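Structure record follows, encoded as structure tokens.
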Amino acid sequence: AVRNLDIHEAWEPELLGSAGTVHANRGYADGASDILVVYADNLSTLDLDAMIAAHRASGQPMTMALFRAPNPAQCGIATQDADGRIISFVEKPEAPESDLANAGVYVLTAAAWHEIADMDAFDFGFDVIPHFVGRMQGFVHDGYHRDIGTHDALAAAEADVATLFKAVP
């Protein structure tokens, strides 16, 4: 289980963008060894302990969770080398080279968090991830993962939860 975890929520009356949140909260990484960033518009069974362990073992400044997308052209798509390092990333490509999509979960070293904060960027997919290609690990999640950022997607996730995650009597 993840231990010694401090949780910070960043409330934004005006949305700053996924990387804009990092820029506005540079101090969140002060005194931390690793930082976990989780997009709030996903439902997932991702094993965070395993992801954090893989991040630390890789020695890379950033690790991005990946899932197999049914429609890769609608996602940010990564390709990996034999060691799992991300060697290319394209946001919503016309001709996807793989089906490994950005799951919206990252583990960062404190130095990587500060580097992103200093970029004055607004979006992880368009601004930050391309900057880390070649020095970022991919962590492939083969379990359940769904975007719940629309009413229809949330309704589909609720149906999934009712059938896939029923409590056993």
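The values are calculated or read from the model by the stated rules, or taken from the named source; none is laboratory data. Computed from a prediction, not measured in an experiment: that's the story for all the values here. Here Cβ is always computed from backbone atoms with ideal geometry, including for glycine, and neighbour counts include all displayed protein chains. Side chains included, ligands, DNA and RNA excluded: accessible areas come from the protein's heavy atoms. Shrake-Rupley method; radii C 1.70, N 1.55, O 1.52, S 1.80 Å.
Could you state the accessible area per residue of the chain in Å², with a 1.4 Å probe and every protein chain left in place?
Accessible surface, normalised per residue, equals 58 Å².
Going by average Cβ density within 10 Å per residue, which order do the peptides 152-163, 17-28 take, highest to lowest?
17-28, 152-163
Order these peptides, 108-114, 143-149, 7-13, by their mean beta-carbon neighbour count within 10 angstrom, highest first.
Most protected by this proxy first, the peptides run 108-114, 143-149, 7-13.
Report relative contact order for the chain in percent, whole number only (criteria: Cα-Cα under 8 Å, sequence separation at least 6). Please report the intermediate quantities before stating the final value.
Numbers: 281 pairs, mean separation 55.2, N = 169.
Value for the chain: 33 percent.
Under the classification rounded if a/c is under 1.5, otherwise prolate if a/b is larger than b/c and oblate if not, where does region 48-142 fall, given a ≥ b ≥ c as square roots of the Cα gyration tensor eigenvalues?
oblate
Return the carbon/sulfur percentage of the accessible area of the chain, one whole number, probe 1.4 Å, all protein chains in place. Intermediate values should be presented prior to the final figure.
Working: 5250 of 9730 Å².
Exposed carbon and sulfur together represent 54 percent of the surface.
Could you work out Rg/(2.2 N^0.38 Å) for region 8-82, with Rg from alpha carbons only? Please report the intermediate quantities before stating the final value.
Numbers: Rg = 14.5 Å, N = 75, 2.2 N^0.38 = 11.3 Å.
Compactness ratio reported: 1.28.
Rg and Dmax of region 87-169, using alpha carbons, in Å: what are they?
Cα-based Rg and Dmax for region 87-169 come out at 16.5, 51 Å.
Run the simple label-point estimate for Arg135 and Leu5 please: 7 Å along Cα→C-beta, distance reported in nm.
About 2.8 nm separates the two model spin labels.
Between His151 and Lys92, what FRET efficiency comes out of the Förster formula 1/(1 + (r/R0)^6) with R0 = 22 Å and r the beta carbon distance, rounded to 0.05?
Computed FRET efficiency for Lys92 and His151: 0.55.
Could you please state, rounded to a whole Å, how far the C-alpha centre of region 89-159 is from the C-alpha centre of region 27-52?
Comparing the Cα centres of region 89-159 and region 27-52, I get a distance of 12 Å.
Once all Cα-Cα distances of the chain are split into 5 Å bins that start at 0, what whole-number percent is in each one?
Bin by bin from 0 Å, the calculated values are 1, 8, 16, 21, 21, 17, 10, 4, 1, 0, 0.
Order Val133, Val37 by their accessible area, 1.4 angstrom probe, all chains in place, largest first.
Reading off the accessible areas and sorting them downward yields Val133, Val37.
With the convex hull built on the Cα atoms of region 1-40, state its orientation-averaged projected area in nm².
Directional mean of the projected Cα hull area for region 1-40 stands at 3.3 nm².
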